[in-house]
1. When the chain is fully extended, how far beyond the present Cα-Cα distance does residue B:288 get from residue B:93, taking 0.36 nm per residue of separation?
2. Quick one: order A:240, B:179 by neighbouring beta-carbon count within 10 Å, fewest to most.
3. In the calculated pair distance distribution of region A:86-295, what percentage of Cα-Cα distances lie above 23 Å?
4. When chain A is modelled as a GNM with alpha-carbon springs shorter than 10 Å, which of A:95, A:187, A:70 fluctuates the most?
5. Limiting things to C-alpha atoms, what are the Rg and the maximum Cα-Cα separation (Dmax) for the protein assembly as shown, in angstroms?
6. Taking the Cα-to-Cβ direction at residue A:281 and at residue B:216 and moving 7 Å from each Cα, how far apart do the two end points lie in nm?
7. As I understand it, the value is the acute angle between the Cα axis of helix B:145-154 and the longest principal axis of the Cα atoms of chain B; what does it come to in degrees, rounded to 10?
8. Identify which of B:111, B:184, B:236 has the largest mean-square fluctuation in a Gaussian network model of chain B, with springs joining Cα atoms closer than 10 Å.
Amino acid sequence: MSIALSGGQAVRPRRKSLNIWVEGGSALLGIALLIWSLLPVYNIFLVALDPDEGEIEFDGNLWPPQPSLEGFRSVVTQQARYLEDFWHQFGNSIEIGLATAVLTVLVGSLASFAVSRLRLSRGPLLINAALVTYAIPASFLIVPYYRIMHAYGLADNLWAVIAAQVTFATPFAILILQLYARLIPVELDDAARVDGATALHMYARIYIPLMTPALAVVAIYALLLAWNDYLYQAVLLSTKHMTVSVTQGQLFEDVDAPYNAMMAAAVIYVLPPIALLLAFRRYVLASLFMSGDGRT
Amino acid sequence: MSGTQEVLVGAPRFSVKGTGRPPEHRPLRTVETRWALAFVAPYAAVFIAFVVYPVAYALWLAARPSLFAELVSDPLYLPTVINTLFFVGVGVNVTMFGALLLSGFFLRPRWWIRLLLAPYLLPWLIATVQGCVSFHWMLIDQRGFLDGLLFALFGIDGPLWFNHRSLAVGANIVAFIWKWMPFWTVIFIAGRMTIPREIHDAAAVDGAIGVRRFAHVTFPLLANLYLICTLLTTLWALGDFTTAYLVSGGAPALSSDVLATLGFRYAFDTAKPGLGVAAMLSSLPVLIPIVIVLMRRLQIREVQL
């Protein structure tokens, strides 16, 4: 990533004293930003590394006097209270996240392909209808969702949460895919049509391979949406189908909770998305810069 | 777009395999239209089953004037509306303006600033629930990390954050800013990078640098992006349940709730689903204009490209 900046060389002598202020100011700002960003993260580690389970007290030591991996050990071996089912719940979270990602990519790419490449008349109407989904924030629909999932026979079922997440992820997915699809020349489709390719061929052989970066971004977006969700998982799921998100959210006020293990579990839970984003950072950055391009 | 297709399809070299007349347009279109309809069908099904039906159901649940009378007479409702206005108004504007300014900071050509971007993005990468719980524990009372830190460093007793309504609402706002400012900073960095270098050079020749360059060159160029992003964040903030529910938890005595959490409590804690939906949907007068402006802006962009 090379960043071109202008004006750096055109500094005149009388600006030198000003420059010292600018450099000093940005150093201070940098330190402030570092503290601001890391303080809550540091707090998570401070509690997670505490050898005693019932402690969130801060005793004045900036570094735990006896850092211990006891919290992590009791998570991995599922010996702490509330965390007996940790790996099962973690599996549920992964199942919801992956299913949301796969279905969002599938449903979103099919719809976006039909609108952008098959020139479906009234296609733009569909895009607008999709965007209307965001007119009512997702959390405002939790009550009707609770009722209709019972009506659909999906009470206490992971698929209820997956359906909800796919619903809220797909409009954004369609928007991103529409923007990205413009970069693929239509002539490719026309050439394929000449060769007698059906729409399905064009989708599978041209659209999907060329759209891979955008599809990866959409998949990550959907996965993160599901991974960050609390409300839908808390309301639509109960005991057997709990997820990590729900357990961590519900038990944080219990004075008897094994705090160090809970925060160790939190550290374990936040790692997969970070690893994923690091692995795909080139795609993510590229698409961000593309969408920024489209908006200005 | 369709012009290109017309040219290609109608070009003479295409008709070699046919009988000399141009290939038939209509059958091709209808076959493709059928495919297109089949491809759109899954999303249409999702949309009807999980958007149209729940929204209609919500409107039906809340469509009783008596519910709104009950809402207004509830002493919790009006303070919650004020909290929501503060949460959205302050949270969104500080987030967006801060992100806009910081995007300029992060584009300064210094190696350490580029390194700083990684820890700065961490709040956005950390799952929402865990971030909010950490905020809650940091502020829980005098045993919390922040008050402990204040005492260790400066010897002062920090306040009991969740015993005062204004401090609790403020804590929610700070958690919201902490979580979302990094994301929008990245978006604005992307936006700023698309501004051609020549524009800034030309502005520098005319003496527009520093604050003047920001006010007269950078900001006008980013204004549309800024507006769209601000409206999107406003929608998200209005619907933000997790922050208020997990950071302050409504403390003290449900006085720091926002509409999303109050509606949730009505619906699930006191078993009044209609009232819960009515509380949430009472923000429609704010939501609908935002969505209309947002859709217009997005359409204008579609035409421009």
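1. Here the answer is 68.3 nm.
2. A:240, B:179
3. Here the tail beyond 23 Å accounts for 53 percent of pairs.
4. Checking each option, the largest mean-square fluctuation is seen for A:187.
5. Cα radius of gyration and Dmax of the protein assembly as shown are 26.3, 93 Å respectively.
6. 3.8
7. Once rounded, one gets 60 degrees.
8. The residue that fluctuates most here is B:111.
Bear in mind that the values in this text are calculations on the coordinates, not laboratory data. Note that the coordinates shown come from a computational prediction; the quantities given were computed from them, not determined experimentally. Cβ sites come from the backbone with ideal geometry, for glycine too, and all protein chains shown count toward neighbours.
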